[in-house]
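The values are calculated or read from the model by the stated rules, or taken from the named source; none is laboratory data. Here the structure is a predicted model, which is why all the values come from computation and not from measurement. Neighbour counts are summed over all protein chains in view; Cβ atoms, including those assigned to glycine, are modelled from backbone coordinates with ideal geometry. Just so you know, the surface numbers come from the protein's heavy atoms only, side chains and all, with ligands and any DNA or RNA stripped out. Shrake-Rupley method; radii C 1.70, N 1.55, O 1.52, S 1.80 Å.
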Amino acid sequence: MKPYSLQQAINDGVCRNPKIVLIDNEEISVTTAKQEIKTYTSLQALLKNPSISYQELIKHEVVINYIIAQGVSKLAAIRLHNPNAAGLIVASSVEHAEQIFTLLTAFFHQSATIVTYKENSVSDKINHFRFNNTQWIVSVGMVSEGTDIPRLQVCCHLSRVKTELYFRQVLGRILRISNNSPNQEAWLFTLAEEKLSIFANRVDQEL
């Protein structure tokens, strides 16, 4: 027996058809420790430079601001039709999650909750978010496989974990069809890092 595929789940009206946006930049300038300016034509080219790591990139304020801006804009458009729609941001660490939470609330003026392994009553916070009207939930691996929040329709993937299993688990958080919602869009924003690009293209090929 063949496994139940994402395409079948979409055809059966169980899952949303996802749109994955791979964010890249053709004009990247980096100033080295020797005050030399180096330019790159893509994120993949940049990340081949041993002085720049993916972990550093996802914590860079310019990168975070840009990806969050894309997510906030898309969620605002969806909430015109689904007022309870929400977004998920997957961070790489507790400190990273706190940085993102501060930007969301103070700069983008979004309502948000944060869940990490350092907090008490995480399951209660997730359950409360499931049924309220808060716009965003920021998580460090706490909203993953088995967490069902159908009102999630936008995701910003800023995790340092770059395995295909985890990528698909994160994507799965925004795919569950929510009843009585006129808009069933699902959008995931992430960087055009080599592995993440491969995973996104595989999902696209399946669909």
What ranking of W187, W136 comes out by heavy-atom accessible area, probe 1.4 Å, highest first? W187, W136
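Got a number for carbon plus sulfur as a percent of region 27-113's accessible area, 1.4 Å probe? Could you put the intermediate results ahead of the total?
Values: 2570 of 4690 Å².
For region 27-113, the apolar C and S fraction of the accessible surface comes to 55 percent.
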K38 to R202: FRET efficiency via 1/(1 + (r/R0)^6), r the Cβ-Cβ distance, R0 35 Å, to the nearest 0.05? 0.65
With label points built 7 Å along Cα→Cβ from the Cα atoms of S111 and N11, find their separation and express it in nm. 4.0
Under 29 Å from the Cα of K38, which lysines turn up, not counting those fewer than eight places away in the same chain? K48, K59, K162, K195
Compute and list, largest first, the equivalent-ellipsoid semi-axes of region 67-107 from the alpha carbon gyration tensor, each √(5λ) rounded to a whole angstrom. 22, 10, 8
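Please work out the average accessible area per residue across region 9-80, using the 1.4 Å probe convention, and give it in Å².
On the way: 4420 Å² over 72 residues.
Averaged over the residues of region 9-80, the accessible area is 61 Å².
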Take the Cα radius of gyration of region 1-50 and divide it by 2.2 N^0.38 Å, with N its residue count; two decimals is plenty. 2.08
Just the Cα atoms of region 1-112: what Rg and Dmax do they give in Å? 18.3, 60
Answer label for Rg and Dmax of the Cα atoms in Å (calculated), chosen among [x] 39.5, 150; [y] 17.4, 60; [z] 21.2, 73: [y]
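Counting only heavy atoms of the protein chains, get the accessible area per residue of region 98-137 (1.4 Å probe) and round it to a whole Å² value. Provide the component values of the computation, followed by the final result.
Details: 2310 Å² over 40 residues.
With all protein chains present, region 98-137 gives 58 Å² per residue.
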To one decimal place, what orientation-averaged projected area in nm² is obtained for the convex hull of the Cα set of region 47-146? 7.4
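Report the Rg/Rh value for region 121-207, based on alpha-carbon coordinates and the Kirkwood definition of Rh. Intermediate results must be reported in sequence, preceding the final value.
On the way: Rg = 13.5 Å, Rh = 14.0 Å.
A ratio of 0.97.
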Here the gain from full extension of S73 to K118, 0.36 nm per residue of separation minus their alpha-carbon distance, amounts to 13.2 nm
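Within the chain, what's the longest stretch lacking GluC sites (Glu not before Pro) that sit in DSSP loops with no more than 14 other Cβ atoms inside 10 Å? Don't skip to the end; give the middle numbers.
Numbers: sites that count: E26, E27, E36, E119, E145.
No qualifying site falls inside 37-118, the longest such stretch.
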At a probe radius of 1.4 Å, what is the per-residue accessible area of F107, in Å² to the nearest 10? 130
Nearest 10, in degrees from 0 to 90: the angle of helix 194-206 to the longest Cα principal axis of the chain is 30
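Based on DSSP H runs of at least 4 residues, each adding -39500 (n - 2.57), what is the mean residue ellipticity at 222 nm of the chain after dividing by all its residues, to the nearest 500 deg cm²/dmol? Display every interim value, and only then the final one.
Details: 8 runs with 76 residues, N = 207.
When only DSSP H runs of four or more count, the value is -10500 deg cm²/dmol.
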